[in-house]
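Beneath this line is the structure, given in structure tokens, with notes to follow.
The values are calculated or read from the model by the stated rules, or taken from the named source; none is laboratory data. What you see is a predicted model, and the numbers here were worked out from it, not measured in a lab. In this analysis, Cβ positions are derived from the backbone assuming ideal geometry, glycine residues included, and neighbour counts consider all displayed protein chains. With ligands, DNA and RNA removed, areas are computed over all heavy atoms of the protein, side chains included. Shrake-Rupley method; radii C 1.70, N 1.55, O 1.52, S 1.80 Å.
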Amino acid sequence: MNMIERAIQFATKAHEGQLRKGTRRPYIVHPIEVGEIVAGMTKDEEIISAAVLHDTIEDCEGVTADVLALEFSPRVAGMVLGESEDKSKTWMERKSATIHSIGQAPREVQMIALADKLSNMRDIDRDYPKVGEDLWNRFRMKDKKMIGWYYKGIRDALQSVFAEEAAFQEYCALIEKNFE
């Protein structure tokens, strides 16, 4: 089994029982989609594996950077840590810190962040026409303008690095469609 397959197996077990916010979709569909998006930008197994594992430290009990370093590699653990938020902080503190730091992050962490946010935007784009304004009640921050502020901030921080990347262009189009 290669590293990506092991990452999918690990993430599936770590996210077992979790659902996407406000849906009945198993959570694992999100990290797998993030891995697929990253695989469209690189063939580096460690980056793709980190993309699949990107929410495990933040959202799964018992998963730490040390665990990921032992199971995969210190580089994978570092990338996942670089994409993780400190859940002890408020939504505004976390999102402001992410917008501020993502522009200076290593390219592979930026790639994972872009894929993560694109996957989220795809979910919003799919569900918004069905659910309407009630969609925003799924999120910790229930204000559409503030959610838009966050996704636009990520867009602006990644613009210079990924402007020519198809995933970034799709991300921008979905922001414009859903938040402009």
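Is it fair to say I147 is open to solvent by less than 50 Å² (accessible area, probe 1.4 Å), in contact (Cβ under 8 Å) with a residue 40 or more places away in the chain, at negative phi and part of a helix (DSSP H, G or I)?
It is false that I147 is open to solvent by less than 50 Å² (accessible area, probe 1.4 Å), in contact (Cβ under 8 Å) with a residue 40 or more places away in the chain, at negative phi and part of a helix (DSSP H, G or I).
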Any idea which of (1) within 17 Å of the chain's Cα centre (by Cα); (2) surrounded by 14 or more Cβ atoms within 10 Å (Cβ to Cβ) is the one L135 doesn't satisfy?
-> (1)
Quick one: in the range 21-36, of everything that is touching a strand residue (DSSP E or B) at 6+ places or on another chain (Cβ under 9 Å) and open to solvent by 30 Å² or more (accessible area, probe 1.4 Å), which residue is modelled with the lowest pLDDT?
-> R25
Extreme residue, nearest to E46 (Cα to Cα), among residues of the range 82-102 that are open to solvent by less than 50 Å² (accessible area, probe 1.4 Å) and not in a helix (DSSP H, G or I) | S84
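Conditions tested, residue by residue: (1) closer than 22 Å to A157 by Cα; (2) in contact (Cβ under 8 Å) with a residue 24 or more places away in the chain.
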{"site": "V67", "(1), (2)": "no, no"}
{"site": "M79", "(1), (2)": "yes, yes"}
{"site": "D86", "(1), (2)": "yes, no"}
{"site": "W91", "(1), (2)": "yes, yes"}
{"site": "R94", "(1), (2)": "yes, no"}
{"site": "G103", "(1), (2)": "yes, yes"}
{"site": "R107", "(1), (2)": "yes, yes"}
{"site": "S119", "(1), (2)": "yes, yes"}
{"site": "R126", "(1), (2)": "no, no"}
Does at least one position in the range 58-67 carry a residue that is modelled with pLDDT of 95 or more and open to solvent by less than 10 Å² (accessible area, probe 1.4 Å)?
-> no
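Among the candidates V80, V52, V38, single out the residue that is in contact with a Pro (Cβ under 6 Å, 6 or more places away or on another chain) and under 29 Å from K144 (Cα atoms).
V52
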Quick one: is H54 in contact with an Asp or Glu (Cβ under 7 Å, 6 or more places away or on another chain) and surrounded by 16 or more Cβ atoms within 10 Å (Cβ to Cβ)?
-> yes
Hey, can you tell me all the residues within the range 64-81 that are in a helix (DSSP H, G or I) and over 16 Å from T12 (Cβ atoms)?
-> A65, D66, A69, L70, P74, R75, V76, A77, G78, M79, L81
Every residue from the range 125-153 that is modelled with pLDDT under 95 and of a type in the set (V, I, T) | V131
Which ones in the range 159-180 are free of Cβ contacts under 8 Å to residues at least 24 places away in the same chain, open to solvent by less than 70 Å² (accessible area, probe 1.4 Å), in a helix (DSSP H, G or I) and under 19 Å from G103 (Cα atoms)?
-> C172
Grab the helices (runs of 4 or more DSSP H) fully contained in the range 7-63, keeping just those with 1 or more residues being among the hydroxyl-bearing types (S, T, Y).
-> 45-52, 56-59
